[in-house]
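Comments concern the structure below.
The values are calculated or read from the model by the stated rules, or taken from the named source; none is laboratory data. Computed from a predicted structure; not experimentally measured. Methodologically, a virtual Cβ is constructed for each residue, glycine included, from the backbone with ideal geometry; neighbour enumeration extends over all protein chains shown. Accessible surface areas use protein heavy atoms only, side chains included; no ligands, DNA or RNA. Shrake-Rupley method; radii C 1.70, N 1.55, O 1.52, S 1.80 Å.
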Amino acid sequence: IYDGTILVSSAPLYDSNRGRVIVYKYKIPTSTEWNTADIVMKGTDTTPDPDKFYWTRRGAPLTGKNSGDSFGASISIDDTGNFIVISALSESKTNSDGTSNQSVGSLRVYEYKIPTSTEWDNADIYKDSDTNLESGKFYWTQVGNTIFGDDDTEAWGYGASMNNDGSFISWCTRNVVQ
């Protein structure tokens, strides 16, 4: 049940419109989290208060695949904070015949979980600086395939929404599809 302790921050214009999404949890950070740069929103605190809650980054930041994707244009998260849908409003796709469609837009669903070794090797996982899977560590791991629009400038993901348990997503397009 949603308790207000998860915050999702989106910056679709970050890094030449590549886009970035960061998820935070309101909690008492571990000493490792406190001492790692850019993990805890500390305000003016220079030392941790053992009884104080802080917005603490949950996993690595999620970023768009290419400049101009506008990743994070629309986001939605389930009630547990473990599933998130993120649109990349201007992402292009390459078709199986080698042609491409420009700015079709896309949606990706991620789960905050401990990935299997197969997922580590094959899935779209935001690993931060980890080169090897750390036992017991949670990562943002893509669920299923990327959902792309069909035609140029459709901009799928103009709006994206996820239901409370993360089992359904819906989205809209900015442009009329004929």
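Filter segment 144-176 down to the residues that are without any contact (Cβ under 8 Å) to a residue 40 or more places away in the chain, open to solvent by less than 80 Å² (accessible area, probe 1.4 Å) and part of a loop (DSSP other than H, G, I, E, B) and list them by number.
167, 175
Which of (1) in contact (Cβ under 8 Å) with a residue 60 or more places away in the chain; (2) of a type in the set (Val, Ile, Thr); (3) under 21 Å from residue 129 (Cα atoms) does residue 85 not meet, given it meets every other one?
(3)
Looking only at segment 127-141, count every residue that is among the β-branched types (Val, Ile, Thr) and outside any loop (DSSP other than H, G, I, E, B) and tell me the total.
Residues that pass the stated criteria total 1.
Looking at 40, 85, 104, which one is under 28 Å from residue 2 (Cα atoms) and over 12 Å from the mean Cα position of the chain (by Cα)?
40
Please count how many residues of segment 54-67 are open to solvent by less than 30 Å² (accessible area, probe 1.4 Å) and under 21 Å from residue 154 (Cα atoms).
1
Here is a list: 38, 51. Which entry is open to solvent by 80 Å² or more (accessible area, probe 1.4 Å), under 30 Å from residue 67 (Cα atoms) and assigned to a loop (DSSP other than H, G, I, E, B)?
38
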